[in-house]
Structures are given as structure tokens and as C-alpha cells.
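The values are calculated or read from the model by the stated rules, or taken from the named source; none is laboratory data. The structure displayed is predicted, hence computed values, not measured ones. Methodologically, a virtual Cβ is constructed for each residue, glycine included, from the backbone with ideal geometry; neighbour enumeration extends over all protein chains shown. Surface accessibility is based on the protein's heavy atoms, side chains included, excluding ligands, DNA and RNA. Shrake-Rupley method; radii C 1.70, N 1.55, O 1.52, S 1.80 Å.
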There are 2 protein chains.
Amino acid sequence: MIKERIEALRKAMKDNNIQAYLINGSDPHMSEYVPAHWQSRPFMSGFTGSFGYMAVTLDKAALWTDSRYYLQAGEELAGSGIEMMKAREPGAVTLEQWIAGELQPESTVGFDGTCYALTEAEGFESFFSKNNLHVQSGVDLLTEVWDNRPGMPDCNAFLHPVKWAGLSRSDKFSALNRELEKAGADLMVLTALDDVCWTFNIRGADVECNPVVISFAFVGENRAKLFIDETKFDDNALAELKNDGVEVKPYESFYDELNTIQGKTIMIDPARTNFHVYNILNDNNKMIRQLSVPALLKSCKNDAELAGMKKAHLSDGLALLDFQLWLEEKLGKETITEYDVAMKLESFRSKQDGYVGTSFFPIVGYLGHGAIVHFRVSPDTANELKPEGIMLFDSGGQYEYGTTDITRTISLGPVTYKMKRDFTQVLKGMINLSNVKFPEGTKGCHLDVLARAALWNDQKNYGHGTGHGVGAFMNVHEGPGSIRPDLNNQPLRPGNIFSDEPGIYRAGEYGIRIENLIHVVEDVENEFGVFYKFETLTRFPICTKLIDVTLLTASEINWINDYHKDVFDALSPLANEEQTKLLKRLTMPI
Amino acid sequence: MIKERIEALRKAMKDNNIQAYLINGSDPHMSEYVPAHWQSRPFMSGFTGSFGYMAVTLDKAALWTDSRYYLQAGEELAGSGIEMMKAREPGAVTLEQWIAGELQPESTVGFDGTCYALTEAEGFESFFSKNNLHVQSGVDLLTEVWDNRPGMPDCNAFLHPVKWAGLSRSDKFSALNRELEKAGADLMVLTALDDVCWTFNIRGADVECNPVVISFAFVGENRAKLFIDETKFDDNALAELKNDGVEVKPYESFYDELNTIQGKTIMIDPARTNFHVYNILNDNNKMIRQLSVPALLKSCKNDAELAGMKKAHLSDGLALLDFQLWLEEKLGKETITEYDVAMKLESFRSKQDGYVGTSFFPIVGYLGHGAIVHFRVSPDTANELKPEGIMLFDSGGQYEYGTTDITRTISLGPVTYKMKRDFTQVLKGMINLSNVKFPEGTKGCHLDVLARAALWNDQKNYGHGTGHGVGAFMNVHEGPGSIRPDLNNQPLRPGNIFSDEPGIYRAGEYGIRIENLIHVVEDVENEFGVFYKFETLTRFPICTKLIDVTLLTASEINWINDYHKDVFDALSPLANEEQTKLLKRLTMPI
């Protein structure tokens, strides 16, 4: 079937005089999670992993993915004629190099510019032009060959109340207009779904796990235009939007409207704007490239958003208490698999007020499965839990008032000393990052080492970043800041929420990760400058059975005991008798 | 006098139809320390600080410098008609913005492209063209107006023996040719003086503190051409160079020779190559931009270089013991100023075998002067030392076999608890950076926080980087790596030598800095990857009188005692009786 699809694509390529066609499986909004309508990569390759991109020439096809998916891609691509290529490895052949090697000079590389970010597409243009290849970015060959293509997402949308948003639509429009004025720009174009939804205080369910709605927008010149299928809203919501000065227009009319804009100065974020949008506007307007203003503003949570996030973490804590009660009751008595754990986590969260859904696909890894960093639990591959060893579970919820993301690694019975030593070193890293005070201007790549030093000093490490930004009833992965080794130039700002999730993974044995969410608050200002620190949002005990206390400093022991006291004080007033009894046991001082 | 010089410059500008002229005071080699011949900034402005750049229009003139020099520049520029501008401050008007505001559209900005790096000059071109200004980079108006301009440096040059260089000229040429081949290039052009001197194993004294010779070079196509005044060498040296296949040509013939190169692929480092060189070559050749190969290779010291560096640190340790003996004998009995200290440091170093000169202008700061990070000691401003409080001294030597750079802060008598607390926190930072193990690929900006965390946690900080690269009988400041918050993309490599020099500065009170040199060595390779660690080169005790032991962890106390044992074991076999007695006292366990 894949072979036939590729042959159909090649026919379309020939009709359009295109010698190589690129497919990345992104959408016009540069989303991390992509609605079925735009899932072109699995359609065209059969590969179902979350990361990959593909090139098809008239006689070859290749798909790049990273080390997480080498095994899976190898299996899924077998027999398709598509070669698997390694991405993100130093020295490996890149897609651009591969194409330059395959095509004759003066050939044409085509792709659908609506699904590539400006920065990426410009990279193609620059590389291919140096290699005497032409680029045609305005060709959507997929629609031609994609029979029964899934329709556009059509879930209902709703308004996010100021109670949890903290700022009204008008407040946000004013803030955006102030930034336009500073930059000497007339308009900003918003294409990332979370940028639009934050700006207009709307939420929806068009994308799995992310409470967003398929939409575009302009803000500026005292106008706010929202391009969205208005049937997603009820009448009251539409009336409120219009009352706030929002002009609601059909999603499909966005590109036509772009074509009417002339002589303006327009602000776009080159990493979050698709190439097609840029090309239309660039012909007749002056473009200013700048980090998305809504992205930056929404990363600094206001008091209402922080209050909602705290409430969400209380709900999460209660749900996890229920989960642990269930686990302790059933483990060793009934058959429980990793998949059951994932289902139960969701089920206990769904009992909490205001629960909307899961904030990402849960990761549940018992022993060896825990060592697969992005293990996606499924009924087919789930292992059964036994009353021994350790289990890692990483899950989160979307609540009407906030978003959670928590990882705990817990003992299910007897454990080895190696597990305890690893766990304690991971914990030291998690605490040391939580505990740091740092001056204004500090970036995430400066702090990342604090979560690693205890592991590094024992010659261990983990291959992922330490922290990602988290939205407030919004995407669980949110920019622009991060706490990773990558040289991200964004300083940490008060109100930023990050995960703090060091780990260690021993292939075939077990994985350990401990994750709290932390947020940046002001500490002091003195002769040395302005200092910030972190406060912890997550409210669930850390498994003290896995701690080797002799490896901890006095201040680390104090941190644990203080944290557990905070967790107890926060959850116990909301807990039932059984939950409280468990909470008391789990938060005993060490 | 400055006014007259500027008027003469303006006349030359009018004759050349130039409406703004730029002067940065750099040389054609992008040197940090610039020979008198190229010191155009002090000549044209009267400002003598180490950092600044200047723009002159037909009716205005302005000079930018940074916060270290606001006071000094204000005084030195008074009455000159030159306005002082703030550089390196967020939001301050840049030189480019100032010029764009001053000039009419279609005006011309001129500068001498031989004294601007390619990256900088391209920045000008891009900014000014967007502002409808023309750029003329081939105009040297200074020579016209500079009567009695100092001549070219004419110090003797000599060969650096393989015993200390570790690699012969042929070894180095082969290494460079291999890199050319990898990149598909024919030639590399070397314009940075340390790149040339490292490649050809030559040293000299054309630049203060840096043992380099004014020169250019090409390497590639089985040729090595060195553009240098050959009268700097004795006959034996010249014969050896020629015997190694080096074609020695007059320094002045370099640009003419560039004009003859056609149809080649040429590798240049855009940050280390002057714009004029690039422009000549770019017309008739294909240019490849890449970090300087000699810069990268020389940053990874080989065994011979490390042996020399270790020897240099023994010499330095002995010299500093002599210094401390002298200080203890004279303090409180004779008048001693900060300037005397600087002189004595130099004088005791000069008694060591193979001493060549100071590796930078020494910084000696007693009490309040210690808080001025770049305090340059002079007889006029030197304070007298008293037997109380603390003194910071930062000094280093060039030896035929290596380069040193050490800072110690010592008590001269009674000190406050605040001083001890500050000192101990700085020391913790110095130790924590020394002690880290880290995986391959780690960059300096990842580790910088380790030297700061103890200060940050007490809401203190320092405004400079933690570590710079250090050459081996070469420049004391050497790239491409660094240990600073700046997002420098260069990973730390085995053989890299860095300073580890956290500090704290309390204006009007005192300054504290503790600096050792450390070098990267391989630690282990295991399932988590390849790990590196640091070893310490510096061999002189740290003032234990200033330590508050209660603030140290057990492992920090061990570090101090182990370090002092190493210092004792290394220096005592070389020390005289008096030195040994002092050494024993200074290295007593805490």
C-alpha cells in the first residue's frame, strides 16, 4: 500500500516536473502534536514514530528518524522500499546532502510550504541553491494522492475564563499592541495554535493532549481577527468574542486575507510561522522577525494562572494518592500491567473536578521498559508488574484551571542497592536544581548541570534535557525557555514554569526519573543584582524507600522533609481518611 | 591636540568624500594587545583604556567604552569634543545607530578594512545598507594625519624548540593539510599572530606580554609561506625554517601575494581574518569560513606542552614563595605599595630559569582597589599596604616552556568575618569547578555555574567570566573555548587549559578572587559515554587564614588538604630552606 502511495506521488511529481519531494508530517501551525488531517508522514511511509521526515525522488525514498526509533522504523519500513536514515547523529548524511547526491544539477526539490517553518524552508533554499538545485515550495502533492484523507478536526471550542487566564482579551490585545509599537510594526500574524488560543482566551480539543483549536489570527491596528470555524463555538461564546472586538472569520479565508495586506510592517516569528504565510506577506510588506510575543508573554504566568496551576497540582496529588492506594491493594493479588497503570492514572485523574484529559501520552515503565525513555505503553506490549523492583510513571492532566506533568519512580517491593544509589543521585540532581538561586539573565543551559552534577561525578548521565516549559491549561511542552544543554538564548523569567526531571536509564534493567514542576519567583535585589529562585508546584511524595540517606547532605535531607511537610499540609485538608493515612506514611521524615 | 588631529581627519574625510570614519584601534591581526604602530584609538581620542571604538563625522565625534572605563574616559575625553558613549549596555545607542542618526541618506561611512574582522565589517555593511548608507572599507585616513606614527615593532624572533612545542613544523603542516583536505580546501590563510607563531614554532616580542611576532602565513598545497621581517631571525633560525620547507617572504609583500591567488578554495576564520584580506581573496577564489584550525589544535595541549606548563607552574610557585617571604619580612616595617608588590612579583619571577617576561599587566589591589576588577597598578595611584585586611594579586609569567596566570587573595593581618565568608564562598566555587567530571561535548557555559552556585545561594555574584583559555608559552588569553555564561559553542577538549577564577567585589571595601589554571584530562568511558575531568596546574597555597571551615563540606576540606599536599610535594624538592619552612606553614592541613 505504501509502495502504491509512493508511486502515485511520483506520478504527481513527474506531472509537476519535480525530482524530489519532501514530507515532514507537520501542519500549517508548526504543531508538536499534529491532527490526523496533516499526518502525512505515517500515511506516506507507514512509520508511526513521533519524529521523522522523508524525501522521495523518482527512484528512491528515505526517511530520517532519531535513535529512539531506529528499531521501530526498521520494522515499519520493511518492504516499503523506503530506506531508514539516521537523524541527529554527528556525521550522518542529512536529508539535504542525500538529495544533493541523488539529483542531477538544475533539478527541482518540491515541498508544501504551508507545513514548513520559515527558518527551515530558508535553510533548504540556501543549501539547495548552492548545489545548483531549484526549490519549489508551493506544491501540495499530497492532497492529489491522498484518498480518504481525514477531515479537518471539528471539535467544539470554548472560552477560557479570566478567572484562570488572569488577563482579559482586551488586556492581551493591549499588551500585544504595545510590543508592536515598540518594534515599529503594524500587525503581528499568529499561526501557532497555543499563541492564538492564549491571546484570545479560547480552548478546544482539535489536537490530542493539547487544548487548542485550529486557527490563525492577526493582532494590530486596533483589530483582532480570528480565523476559525465559528461553528465550534456556542452563541454565547461568539457573542462574547465579538463584544471584545474580535472579528471572527472562516479558517479557510486566512490565506486570501493575507493576500490583501499591503504596505504594512508585519511581525512574525520565523520558527513558528509557515513559509507560505511569509512568502505571501513578504512580497508587499516589510517583515520584522522576532520571537513570538504571545509565546514570550504566556511563558510568564500571572497570579491567576499560577493559582490555577497550584490547584491542578492538588487535584493531581489526590488522584495519585488514589492510584497508589489502588496499586498497593492489588499488587501481587491481581494481574496488573503497565497498561492498567496508565488507564488507572487517567481514571483517577478523571474523577477530579475540572479534569479535561491527559496532557500527554503516559509513560509507564516497569524494570527494563523504564529504560526506554519515550516508551509508549500499549496493551500489546505492556509487562505485568510484580511485587519487586521499580516502576517509572510519567503522566499528567489537563484541568480547566491548569496543566500537570509528574514523574515518580517507586519501589514495588525488594530493590537492589544499585537502584537506590542511582535513585538517590537522580534525586540529588532534582533537588539541586530546585534549590538554586540565580541572577536575572541566567539561561536554562546554565542551570542544566545542577541536575546532572551528582550523576556526572559518578560518571553517569542521561540523554535528554532536564526541563521543558509547561503551559497553563495549555500545551505541556511550551517555549521559548528550557533547561537543557542546548544553547537556548532565552533567560529564565519570573512566572516561567519548567519541569525538573533528571533521570538515569540502564538498558534492559530499569529506568529512573523524578520530575517536579517548578516556577521562577523573585528572591531579592541587592548590590549584586536581582536574584530569582524556584518554587515547586508538584504535590506528591517522592518514594523514600528508594533513598540512600548516607548519600545526601544535611541540606538535601532538609529539602526532602520540608517538601514532604508541604505536600502533607497541602493535600491533607482535601484528602479522605484513607488518602490521609497513606499521605502520612509516604511523607514521614527521613 | 586631539581637536587638531580630529580636524585633520575631517579634512581627509572631505577629500575622500567620507561623511563618517570609524576607528577601533585594532591591528591587521585582530590582536588583543596592539603594538604602538596601530594604537590609533589613543592617538585620535586621548582615551587610553583597553576597550573602545570611535566614530567621527564632519561635525561630531563619539567614543564607546564599557562600564570599567566610564570614569576614566570621562576624564580623558574632557575638552576633546568627543562624546563618551556606553557600550555593552542593553538599550544603549550603538555606534551603528548613532551614525545612522547623524548622517544624511546616501552618505558614506569609511574605515580601514585591514583593522576590522570580516564578521564585524559585514555587520556594518548589512546595517548601513539597510539604512541607505554606503560603506567604503578600503580607506586608511590615519596614515595621512598621523605625524611621527610609531614604527612597526622590530623585536627579535626566535624558534620555539620541539622539546616544548611537542610537534615539529612538519607535523603541524601535515595536521593543517589534513584539515584542508577534509574541508576540500587548497589553502588556509593565517592572520592571527598566535596562529602563525604556533604553526611555525616561532616566538618573539613584538607585542607586550604576548610572545608573538608580526607576521602572516599561508599553509596548503605542500607549501608554507611565512610573511615576516626575516632580519628578526638569526641565521641559524632562518636556515632551520628554510630547511623545514618554509618560504620566508617580507611582511609587506603579503597583500601583493594575496592578489596573485586565483581559482583556489581558501579557508579563513571570519572572526580572526581582517576584512581586507577577505575582500582581496573573495574576488577570485572560493572562500570557506571555518574556525581557525591552528586555534583549535593549539588549544589542545600535547604532552610536551603540558610538561612545560607544569614546569612553568613550579617556577611560578617558587617565585611566589620568595614574594611571600619578602612581604612577610617587610610588611609593617617598610613602606610597601601595591606598585612595589607588582614590581617584586616580576622581579622574583625573573630569577627563575627561562623567564621571558610578564604574561599580562599585573593587578594588585589592596582593600578598595581590589574591588576594581581591572585595576591597573601604577606608582601614582598605588595605595600603601598595612598589616590588616586583604590584598588581591593577579599576575603571571611567560617562561620559555610555558605561561602562568595566578590570582591569590591573602590576609595581611586582622580581617573581618565578612571577608572570610566571602572568601570561603569564592573558594567553594573554585573547588567545585575543579572537581567536576563531565561528559564529552560539555561546553564552558554549562560548567560556569559550578563556580558561582555557592555565591548565588548567598545572593552574590561576580561580573566577569570564570575561565579563559591559556596558551603554552603563548597568549595568556586564548580561544576558542572559555568557561563563561556566554553561549560559546566550543566543547571542552582534552588538553584544553583554562583559568578557574571566581571572585567577589565590594566597591570601596575589597575584592576577592582565587585563580588556578586547570586542564582537561580523560576520565573514563562507560555505558553513559566518555567522561572528562580537570587537573590543576597551579602550584601555590591558598590562604587558609581566610577560610571559614564551617562553611565547607567534607569533600571541599579534603580538596584543600590534598591540593596543599600536592603543592608541598611538588615545590619542596626545588625549594631552599627558607622557602620550605614557609611552604610547610602555608600548606598545613585545615
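Of the strands (runs of 3 or more DSSP E) lying entirely inside the range A:111-209, none contains at least 3 residues that are free of Cβ contacts under 8 Å to residues at least 40 places away in the same chain, touching a Lys or Arg at 6+ places or on another chain (Cβ under 8 Å) and surrounded by fewer than 18 Cβ atoms within 10 Å (Cβ to Cβ). On inspection, B:Ala319 fails the criterion of being surrounded by fewer than 18 Cβ atoms within 10 Å (Cβ to Cβ) and either within 16 Å of B:His519 (Cβ to Cβ) or in contact (Cβ under 8 Å) with a residue 40 or more places away in the chain (or both).
Okay, residues lined up against (1) modelled with pLDDT of 95 or more; (2) open to solvent by 50 Å² or more (accessible area, probe 1.4 Å):
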site: A:Asn236; (1), (2): yes, yes
site: A:Glu240; (1), (2): yes, yes
site: A:Val248; (1), (2): yes, no
site: A:Lys286; (1), (2): no, yes
site: A:Asn302; (1), (2): yes, no
site: A:Leu306; (1), (2): yes, no
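Residues of the range B:405-424 include at least one that is within 13 Å of another protein chain (Cβ to nearest Cβ), open to solvent by less than 10 Å² (accessible area, probe 1.4 Å) and farther than 25 Å from A:Ile483 by Cα. A:Gln72 meets the conditions (1) at pLDDT below 95; (2) within 15 Å of A:Ile6 (Cβ to Cβ) in every case but one. The failed one is (2). For B:Phe528, the test of being in contact with a His (Cβ under 9 Å, 6 or more places away or on another chain) and among the aromatic types (Phe, Trp, Tyr) is failed. Scanning the range A:495-517 for residues that are away from every other protein chain (no Cβ under 14 Å) and outside any loop (DSSP other than H, G, I, E, B) returns A:Ile497, A:Phe498, A:Ser499, A:Asp500, A:Arg513, A:Glu515, A:Asn516, A:Leu517.
Selection of the range B:92-109 for residues being surrounded by fewer than 18 Cβ atoms within 10 Å (Cβ to Cβ), touching a residue at least 12 places away in the same chain (Cβ under 8 Å) and not in a loop (DSSP other than H, G, I, E, B) yields only B:Glu102.
Listed by position, the helices (runs of 4 or more DSSP H) inside the range B:1-91 whose residues that are hydroxyl-bearing (Ser, Thr, Tyr) number at least 2 are B:40-45.
Inspect all residues belonging to the range B:371-380 and state whether any of them is out of contact with any Leu (no Cβ under 8 Å at 6 or more places or on another chain), aliphatic (A, V, I, L, M) and surrounded by 21 or more Cβ atoms within 10 Å (Cβ to Cβ). Among the residues of the range B:371-380, at least one is out of contact with any Leu (no Cβ under 8 Å at 6 or more places or on another chain), aliphatic (A, V, I, L, M) and surrounded by 21 or more Cβ atoms within 10 Å (Cβ to Cβ), which makes the answer yes. Number of residues in the range A:474-486 that are more than 11 Å from the chain's Cα centre (by Cα) and surrounded by fewer than 24 Cβ atoms within 10 Å (Cβ to Cβ) equals 4.
Checked against (1) out of contact with any strand residue (DSSP E or B) (no Cβ under 9 Å at 6 or more places or on another chain); (2) part of a strand (DSSP E or B), B:Glu525 passes all but condition (1). The single residue among A:Val530, A:Val470 that is in contact (Cβ under 8 Å) with a residue 60 or more places away in the chain and within 16 Å of the chain's Cα centre (by Cα) turns out to be A:Val470.
Output yes when any residue across the range B:431-454 is over 25 Å from the mean Cα position of the chain (by Cα), within 12 Å of another protein chain (Cβ to nearest Cβ) and free of Cβ contacts under 8 Å to residues at least 60 places away in the same chain, and no when none is. Yes, some residue in the range B:431-454 is over 25 Å from the mean Cα position of the chain (by Cα), within 12 Å of another protein chain (Cβ to nearest Cβ) and free of Cβ contacts under 8 Å to residues at least 60 places away in the same chain. Which one is most open to solvent (accessible area, probe 1.4 Å), of the residues in the range B:526-557 that are of a type in the set (Ser, Thr, Tyr) and away from chain A (no Cβ under 11 Å)? Filtering the range B:526-557 for residues that are of a type in the set (Ser, Thr, Tyr) and away from chain A (no Cβ under 11 Å), the one most open to solvent (accessible area, probe 1.4 Å) comes out as B:Thr550.
Every test in (1) in contact (Cβ under 8 Å) with a residue 60 or more places away in the chain; (2) within 14 Å of another protein chain (Cβ to nearest Cβ); (3) open to solvent by 10 Å² or more (accessible area, probe 1.4 Å) is passed by B:Asn461 save one, and that test is (1).
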